[in-house]
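Here, each number is a calculation from the coordinates, and none is a lab measurement. Everything numeric in this text was worked out from a predicted model, so none of it was measured. Backbone-built Cβ (ideal geometry, glycine too); neighbour counts: all protein chains shown.
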Amino acid sequence: MIAEPMPATGHDQPVRIRNLTRGFGGRVVLNDVSLDIPAGEFVALIGKSGSGKSTLLRALAQLDDDAEGGGTIDAPENLSVLFQDSRLLPWHTVLENITLGLRSPDARARALSVLEDVGLGGRQDAWPNMLSGGEQQRVALARSLVRRPDLILADEPFGALDALTRIRMHGLLTRLVSIYRPTVLLVTHDVDEALSLADRVMVMGEGEIVLDRRVGLARPRVKTDGAFADLRAALLGALGVDE
Amino acid sequence: MTDHANIEPAGFLVDRTSQRRLRPTPALRFAPASGRQRGRPLVPRKISPAALLFGPLAMVAVWQLSSSLGWLPENILAAPATVLSVGTGLAADGTLGKHFLASATRAYLGLAVGVALGLVLALLSGLTRVGEASIDGLVQIKRAVPTLALIPLAILWLGIGEVMKITIIVTSVLVPVYINTHAALRGIDMRYVELARTTGLTHREFIRQVAIPGALPGFFTGLRLAVTTCWTALVVLEQINTTKGIGYLMSRARDYGQTEIIVVGLVIYAVLGLLSDALVRLLENRALSYRKVIGT
Ligand SMILES: Nc1ncnc2c1ncn2[C@@H]1O[C@H](COP(=O)(O)OP(=O)(O)OP(=O)(O)O)[C@@H](O)[C@H]1O
Ligand SMILES: [Mg+2]
């Protein structure tokens, strides 16, 4: 069963970043980044380690008190973050983790329905420690979706999963995103992951966005497709990888 | 899957060309998982709880043997058999019960108040800046001063009665509870703090759902120390203005050179210590049952 997404305020609100600069101890990490993401678009952000992807994401999530810098960010208030670790509270059951911070009276019913959506129906009373890594990450996804966020910020959410689980998570995410229709900014190291999930792929290099491409491919996407391969080559080129 | 003779499930191998039954082979057996490890295990295997009694029982055996052989005179240390008969005698005539009740009342009253106070102070100090500034330094000073060194001052202020004794126990119990709970609160994983922020928890919800459950393991460590700490001060305290208590019993026995009664007192402390620790562990396992992990 899939819950009908409620029309929320800010659901049509785009993400608008202007002249964003961030640094740590005088070292510039984000250098004058400007960026627009229309509501409902799925953007993947790739880039070398240390290029500033997480810094950008944390700025959007307002988790960067320790950073210096300026610029403006307009983004939906109702956002949710998917971390690389599932970040479940071990002393809360699966259900309590999903409803964390929710105050509406139907929170429990909604959580149970989203738990079905991520394929973990019936596991609401389990402790997080007793779930596999992939299951934990699905609970984290449920915790994110149950808030019906207008914006999902995901920082390598599948980075710690094995290849098979990762592919299944891709299918799940694509399906759920098509239902709930949030705007998504997904940071990943995996070019294929970016190309199979996103409407648009950006490459970050040394604090700037160096490539911004629309992925106009039909879904499901096949790696052997010529256009897929061309895009892939372009992204790898921007990342400075020769194949 | 079955192209491997190793995993032929049945007890027979069939020669397919001749259809003749070959010699039966034993059914496939799996070695126990630990048996796969070659050489000495890096971590010793778990022993049963009963095996933990080996050391104490061996000590009692050696002790009894030494006494029986006359190597250990009664005025140095009474034999286990003597201790047992004296102990049961004291228990039977109600003497032991009376002294034990007096001691236990002091110890556990002090424990209850001390644990509650230590917990409250740790929460105040761990969760508020004013609290930390006002409380933490004081507790650290208290920790540096031996409890027994406070007795003279406590007598001047509170007299020589029960209030003074229980106050001293409270102050000594409070320290381990405070230190461990406070350290656990301070050590809350920053990743959970980020989570609390992104899920919009209020300060109150954060304390109830993240800070306190996160500090619970530390609190239990403190509690395990506290249940034995509450008895240690008693031995000295019960030499002051009282005619009841295990400490009184033991110090009087010392004056008369009755090592068997001294040992009875020691045994009571040991048994109580072990029982209290087991009880706290039981509580801990219940409260922290979520820690069970896959494969355990
Ligand atoms: N809190 C911080 N304090 C100091 N320096 C930081 C902090 N956070 C990030 N940095 C620095 O900023 C730079 C960019 O870090 P960031 O985490 O954004 O990289 P990233 O692109 O996400 O890399 P990765 O792919 O490895 O996750 C790094 O050099 C990092 O050391
Ligand atoms: Mg990162």
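Among the residues of B:195-203, the average count of other protein chain beta-carbon atoms within 10 Å of the residue beta-carbon is 6. Each Lys and Arg contributes +1 and each Asp and Glu -1, all at the Cβ; summed about the Cα centre of region B:83-288, the dipole is approximately 300 debye. Between A:Arg181 and B:Ala278, what's the calculated FRET efficiency when r is the beta-carbon distance and R0 is 51 Å? Round to 0.05. About 0.35, to the nearest 0.05. For chain B, the number of Lys pairs separated by eight or more positions or lying on different chains, with C-alpha atoms closer than 23 Å, is 5.
Would you please calculate the Kirkwood hydrodynamic radius of region B:187-234 over all C-alpha pairs and express it in Å, rounded to one decimal? Value: 12.4 Å, from the Cα pair sum. Entry note, region A:88-148: relative contact order of 47 percent, from Cα contacts under 8 Å with a spacing of 6+ residues. Length, then width, then depth: along the principal axes, the Cα atoms of region B:42-194 run 65, 56, 26 Å.
When the dipole is taken about the Cα centre of region A:65-159, and only Lys, Arg (+1) and Asp, Glu (-1) are charged at their Cβ, what size is it in debye, to the nearest 20?
Values: 9 positive and 15 negative charges, 111 e Å.
My answer is approximately 540 debye.
Defining a contact as two alpha carbons under 8 Å apart and six or more residues distant in sequence, what relative contact order in percent does chain B show? So the answer I get is 19 percent. Here the convex hull built on the C-alpha positions of the protein assembly as shown has a volume of 289 cubic angstrom per residue.
Could you check what % of the DSSP bridge pairs in the protein assembly as shown are antiparallel, to the nearest 5?
On the way: 21 of 39 bridges.
Taking every DSSP beta bridge within the protein assembly as shown, about 55 percent pair in antiparallel fashion.
Think of it as helices only: each DSSP H run of n ≥ 4 in chain B is worth -39500 (n - 2.57), and spread over all residues that comes to -20500 deg cm²/dmol at 222 nm.
Answer with one residue from B:Ser85, B:Thr198, B:Asn241: the one whose Cα lies farthest towards the positive end of the charge dipole of region B:83-288, charges on Cβ with Lys, Arg +1 and Asp, Glu -1. Looking along the dipole axis, the top candidate is B:Thr198.
Farthest toward the positive end of the dipole of the protein assembly as shown, out of A:Ala142, B:Pro146, A:Gly237, is the Cα of B:Pro146, where the dipole comes from beta carbon charges about the Cα centre.
The B:Leu101 and A:Arg214 beta-carbon pair, evaluated with R₀ = 60 Å, returns a calculated FRET efficiency of approximately 0.15.
Take each uninterrupted DSSP H stretch in chain B, measure its Cα extent along the helix axis, and return the ones at 20 Å or beyond whose mean Kyte-Doolittle hydropathy is at least -0.5. Walk me through the intermediate numbers first.
On the way: long enough: B:54-68 (21 Å, 1.03); B:95-127 (48 Å, 1.40); B:162-186 (35 Å, 1.11); B:212-237 (37 Å, 1.42); B:259-287 (42 Å, 1.38).
Correct list, ordered by number: B:54-68, B:95-127, B:162-186, B:212-237, B:259-287.
Taking R0 as 25 Å, what FRET efficiency do you get between B:Ala61 and B:Ser251 from their Cβ-Cβ distance, rounded to the nearest 0.05? Efficiency at R0 = 25 Å is approximately 0.25. Over 12 Å apart: what share of the alpha carbon pairs of region A:88-148 falls there, rounded to a whole percent? Of all Cα-Cα pairs in region A:88-148, 59 percent lie more than 12 Å apart. Shape index of region B:83-288: Rg/Rh, with Rg the Cα radius of gyration and Rh the Kirkwood radius from the inverse mean 1/r over Cα pairs, equals 1.08.
Relative to its Kirkwood radius, the Cα radius of gyration of region A:1-132 gives an Rg/Rh of 1.03.
Overall, the protein assembly as shown carries a charge dipole of about 1580 debye about its Cα centre when +1 sits on the Cβ of Lys and Arg and -1 on the Cβ of Asp and Glu, all other atoms neutral. Based on C-alpha pairs under 8 angstrom that are at least 6 apart in sequence, chain A has a relative contact order of 27 percent.
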